[in-house]
Amino acid sequence: MDQYPKFLLEKYPSLFDLEKRAKKRIPGVAWAYLQSGTGDEIAVQRNRKAFNKILLNPRFMKGELFPKMATIILDKRFDYPFGIAPVGLSGLMWPGAEMILARTAKNYNIPYCLSTVATQTPETIGPISQQNSWFQLYCPRKPDIRSHLLQRVKQSGFQTLVVTADVPYPSRRERTKRAGLKTPPKLTLKFLWDGITSPAWSRQVFNHGLPKLRTVLEYAESNKATKVFEELRAGFGGTLSWDYLEELRDMWDGKLILKGITHPQDAIQATSMGIDGLIVSNHGGRQFDAVPAAIDLLPLIVNEVGHKTTVMFDSGIRSGLDIIKALHLGAKFVFLGRGFLTGIAALGENGAAHVCEILKEGLYANMMQLGIEDLDDL
Ligand SMILES: Cc1cc2nc3c(=O)[nH]c(=O)nc-3n(C[C@H](O)[C@H](O)[C@H](O)COP(=O)(O)O)c2cc1C
């Protein structure tokens with residue numbers, strides 16, 4: 001962290017400043033993939049609007065304050081109450097992004113959750129993020145693939161498994177279709193042109209190769225790129241049920257988290273099955289356009305299960321103040337998806353650290369304004 005250039009906080013003081021730079025720096029298809037929601041992207045807007053509506057009334061006259069941002073969840077101490085959410089194809093936004101995220105997680109002592117469909121493997125990432133390594137699972141249909149993948153994850157040092165509940169079917173992303181994103185990313189003329197006009201990104205491709213689903217690639221039987229993608233899509237997902245979760249509970253001896261829960265009844269059911277925590281999330285508005293804002297659902301779920309399990313949150317967080325709002329509404333911890341990748345797309349190696357610095361400063365300043373020293377007091 002010594003080499004983190006502090007002037008960045010003057011130049012790009014918020015995540016919205018980073019968005020402007022990121023958009024110019026990476027290919028249009030990558031930007032579309034990162035930003036997109038599903039349908040008309042109303043759920044993405046709804047998440048943000050709901051945050052903006054939350055107001056907090058500060059108390060003053062408390063003398064000198066020393067806000068503390070460290071927190072303990074799932075028996076582990078983290079230096080901040082935020083972590084890095086799983087993002088598929090992260091290497092499309094910035095080839096090598098997963099390594100940067102893992103280094104940042106280690107340096108700032110925050111969790112990094114590697115996606116099943118990220119472009120780097122648990123074997124590469126686990127040794128970098130070390131004890132801050134979480135793994136997000138899209139559930140394999142075939143039991144032998146499931147056991148093999150879980151074994152790889154465990155052997156790579158991952159202690160926490162995050163199972164994503166809210167992708168029963170791949171969502172429609174109209175914006176990525178319009179932008180011409182092909183899966184897997186293909187060298188089309190448009191993609192080549194994008195590469196020429198995004199030279200910093202192209203240099204990264206040169207160093208790290210085109211983004212590939214490296215973790216799951218070995219499970220494909222076909223060797224034709226387009227077929228492999230379809231095969232993997234059919235092989236990972238669409239099977240998750242309470243029975244499947246129970247099987248995972250029996251197989252995985254680390255912490256087990258369910259992500260993507262929005263309905264209080266699902267939260268009650270998950271908690272009764274002995275999971276260690278859940279992440280209230282609507283996938284950043286990427287799956288179902290009519291879903292309520294995730295932050296509006298958070299207190300309903302905390303009310304039902306907050307005393308029995310660790311309730312965490314993501315979807316729509318863009319600042320330290322947003323984190324405070326989510327903690328105030330009962331979350332014990334939060335995650336950002338787009339925020340961290342936007343930072344890296346804008347600034348490369350320093351991007352994820354810069355996002356941590358923005359969030360840290362925002363948290364500190366607003367805890368001072370609220371007259372609060374401990375996150376628990378929120
Ligand atoms: C580009 C992109 C890819 C994502 N891929 C995954 C994924 O592979 N697995 C998963 O559980 N969630 C995935 N998510 C959802 C995030 O983990 C997280 O729930 C969401 O980004 C939170 O909203 P935010 O972007 O507003 O912070 C993805 C999100 C984005 C933006």
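Give the stretch 177-194 a look and list any residue that's of a type outside the set (Phe, Trp, Tyr) and surrounded by fewer than 19 Cβ atoms within 10 Å (Cβ to Cβ), or say none.
Within the stretch 177-194, Lys177, Arg178, Gly180, Lys182, Thr183, Pro184, Lys186, Leu187, Thr188, Leu189, Lys190, Leu192 qualify.
What helices (runs of 4 or more DSSP H) lie completely within the stretch 274-378 and have 2 or more residues being under 15 Å from the mean Cα position of the chain (by Cα), among the hydrophobic types (A, V, I, L, M, F, W, C) and at pLDDT 95 or above? Even if it seems obvious, please write down each step before you answer.
Details: elements: 294-305, 320-328, 338-347, 351-370.
In the stretch 274-378, the matching helices (runs of 4 or more DSSP H) lie at 338-347, 351-370.
Looking for whichever is touching a Pro at 6+ places or on another chain (Cβ under 6 Å) and at negative phi here; the options are Leu329, Leu278. Which one fits? Can you show your working first?
On the way: Leu278 fails: touching a Pro at 6+ places or on another chain (Cβ under 6 Å).
None of the others qualify; the one that does is Leu329.
Of all residues in the stretch 327-344, which are more than 11 Å from the ligand (Cβ to nearest atom), buried (at least 24 other Cβ atoms within 10 Å of the Cβ) and under 20 Å from Gly285 (Cβ atoms)?
Ala331, Gly343
Between a residue in the stretch 155-177 that is touching a residue at least 24 places away in the same chain (Cβ under 8 Å) and any residue that is more than 13 Å from the ligand (Cβ to nearest atom) and hydroxyl-bearing (Ser, Thr, Tyr), which pairs come within a Cβ distance under 7 Å, given they are 6 or more apart or on different chains?
Gly157/Ser133; Phe158/Ser133
Hey, which of the helices (runs of 4 or more DSSP H) in the stretch 1-69, taking only ones fully inside, have at least 2 residues that are within 30 Å of Ala200 (Cα to Cα), under 22 Å from the mean Cα position of the chain (by Cα) and at pLDDT below 95?
28-35
Give me the pairs, please: first residue somewhere in the stretch 328-349 and touching a residue at least 40 places away in the same chain (Cβ under 8 Å) and under 12 Å from Arg318 (Cα atoms), second residue anywhere and away from the ligand (no atom under 15 Å from the Cβ) and of a type in the set (Val, Ile, Thr), beta-carbon distance under 8 Å, and either six or more positions apart or on two chains.
Between residues of the stretch 328-349 that are touching a residue at least 40 places away in the same chain (Cβ under 8 Å) and under 12 Å from Arg318 (Cα atoms) and residues that are away from the ligand (no atom under 15 Å from the Cβ) and of a type in the set (Val, Ile, Thr), the close pairs are Phe340/Thr104.
Of all residues being among the charged types (D, E, K, R) and within 16 Å of the ligand (Cβ to nearest atom) in the stretch 212-254, which is modelled with the lowest pLDDT? Just the residue, please.
Among them, the one singled out is Arg233.
The values are calculated or read from the model by the stated rules, or taken from the named source; none is laboratory data. Not measured: the values here are computed from a predicted model. Every residue, glycine among them, receives a Cβ derived from its backbone with ideal geometry; neighbour counts consider all protein chains shown.
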